[in-house]
Amino acid sequence: MFLCKINRKKICKEIQTCVQRNQIEKKNKMEKKKKVVPKRLQGKVAIVTASTQGIGFGIVERLGLEGASVVVSSRKQKNVDEAVEKLKAQEIDAFGIVCHVSNAQHRQILVQKTIQLSFWLEFQRYGKIDIVVCNAAVNPSTDPILSTQESALDKLWEVNVKSSILLLQDIAPHLEKGSSVIFITSIAAFQPQVPTAMYGVTKTALLGLTKALAAEMGPDTRVNAVAPGVVPTHFASFITRNSEVRRASEEKTLLNRLGTTDDMAAATAFLASDDADYITGETLVVAGGMPSRL
């Protein structure tokens with residue numbers, strides 16, 4: 001009987017938490033509709049990797065709403081087509097290209113097609129590259145670092161770090177003066193812990209890459225990073241689907257909530273715009289006040 005009462009209380013509390021969360025998410029959606037998005041990126045061309053869902057789609061959508069012509073990319077044609085359709089429904093100038101960032105030929109085609117689109121009447125605003133957002137990432141293992149298989153280590157390095165460097169090697173000759181490169185790192189970069197320890201280490205590497213490339217690509221190109229906190233997307237579902245783990249993550253923030261894709265997109269758009277014209281080599285932490293220093 002006593003246990004039944006405890007379980008009943010626990011279930012009621014979880015239901016109440018879910019209701020409150022749904023109310024907050026509904027409120028956020030309503031506020032999003034009311035917001036007037038500035039047109040800071042008109043005439044710009046942006047490439048966003050892994051941009052058919054989650055944070056990547058949120059970013060490409062925001063850049064498009066601010067006036068940029070956007071190139072959507074992802075591994076699967078179906079996902080690319082669906083994302084482009086959603087963007088065009090909002091009158092965003094969008095084009096989609098299949099690109100697995102670990103594939104050298106795919107990276108080259110992504111860049112070449114973006115440049116060649118200038119010869120297509122429908123996409124006359126393309127033919128240059130102003131904004132690059134490196135968002136692609138994987139987390140194939142939740143093991144402690146010393147228990148992580150070599151194949152998983154290789155994949156983590158290949159996708160999360162190396163592919164961004166190789167993509168930028170292809171893109172760099174085509175970047176306009178005043179261009180912007182933005183890496184999507186993570187709050188996990190500052191204190192990598194299981195179950196995202198090795199993933200976090202690769203994101204720590206992006207902090208250093210941001211500093212190094214800001215010096216190498218300046219003054220014509222600014223290089224910055226956005227470090228998202230916990231955002232309930234498919235990628236982070238192994239964290240957010242557990243109500244207790246999710247609640248613990250919320251309590252680590254000073255705002256008592258998880259982040260949204262809109263939060264990350266707004267920060268990225270700011271760094272891509274002229275409003276951040278005197279900012280380079282920096283990482284903008286968007287994590288609701290979670291501790292974020294190395």
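Would you say Ala236 is open to solvent by less than 30 Å² (accessible area, probe 1.4 Å) and without any contact (Cβ under 8 Å) to a residue 12 or more places away in the chain? Here the answer is yes, as Ala236 does meet what is asked. Inspection of segment 186-196 identifies at least one residue that is buried (at least 21 other Cβ atoms within 10 Å of the Cβ) and either in contact with a Leu (Cβ under 8 Å, 6 or more places away or on another chain) or basic (Lys, Arg) (or both). Can you tell me how many residues in segment 61-88 are within 16 Å of the chain's Cα centre (by Cα) and in contact (Cβ under 8 Å) with a residue 60 or more places away in the chain? Going through segment 61-88 one residue at a time, the tally reaches 3. Put simply, of Ile92, Ile109 the only residue that is under 22 Å from Thr268 (Cα atoms), in contact with a strand residue (DSSP E or B) (Cβ under 9 Å, 6 or more places away or on another chain) and not polar (S, T, N, Q) is Ile92. Quick check, is Leu207 in contact with a Ser or Thr (Cβ under 6 Å, 6 or more places away or on another chain), open to solvent by less than 30 Å² (accessible area, probe 1.4 Å) and assigned to a helix (DSSP H, G or I)? Yes: the conditions hold for Leu207.
Has segment 108-129 got any residue that is modelled with pLDDT under 95, of a type in the set (D, E, K, R), open to solvent by 40 Å² or more (accessible area, probe 1.4 Å) and within 30 Å of Leu207 (Cβ to Cβ)? Yes: one or more hits. When segment 193-216 is filtered for residues that are of a type outside the set (A, V, I, L, M) and at pLDDT below 95, the ones remaining, listed by number, are Gln193, Pro195, Thr196. For segment 239-255, the set of residues classified as of a type in the set (A, V, I, L, M, F, W, C) and open to solvent by less than 60 Å² (accessible area, probe 1.4 Å) consists of Ile239, Ala248, listed by residue number. The condition (being under 22 Å from Val37 (Cβ atoms) and aliphatic (A, V, I, L, M)) is satisfied by just one residue among Ala267, Ala287: Ala267. In segment 256-267, is there at least one residue being of a type in the set (A, V, I, L, M), in a loop (DSSP other than H, G, I, E, B), in contact with an Asp or Glu (Cβ under 8 Å, 6 or more places away or on another chain) and open to solvent by 30 Å² or more (accessible area, probe 1.4 Å)? For segment 256-267, residues of a type in the set (A, V, I, L, M), in a loop (DSSP other than H, G, I, E, B), in contact with an Asp or Glu (Cβ under 8 Å, 6 or more places away or on another chain) and open to solvent by 30 Å² or more (accessible area, probe 1.4 Å): absent. Scanning segment 45-84 for residues that are in contact with a helix residue (DSSP H, G or I) (Cβ under 6 Å, 6 or more places away or on another chain), hydroxyl-bearing (Ser, Thr, Tyr) and in a loop (DSSP other than H, G, I, E, B) gives Ser51, Thr52.
On the basis of being open to solvent by 40 Å² or more (accessible area, probe 1.4 Å), in contact with a Gly (Cβ under 9 Å, 6 or more places away or on another chain) and assigned to a helix (DSSP H, G or I), does Asp275 make the cut?
Judged against the criteria, Asp275 is not a match.
The values are calculated or read from the model by the stated rules, or taken from the named source; none is laboratory data. All figures in this text were calculated on a predicted structure; none of them were measured in a lab. Backbone-built Cβ (ideal geometry, glycine too); neighbour counts: all protein chains shown. Remember, those area values only see protein heavy atoms, side chains included, never the ligands or the DNA or RNA. Shrake-Rupley method; radii C 1.70, N 1.55, O 1.52, S 1.80 Å.
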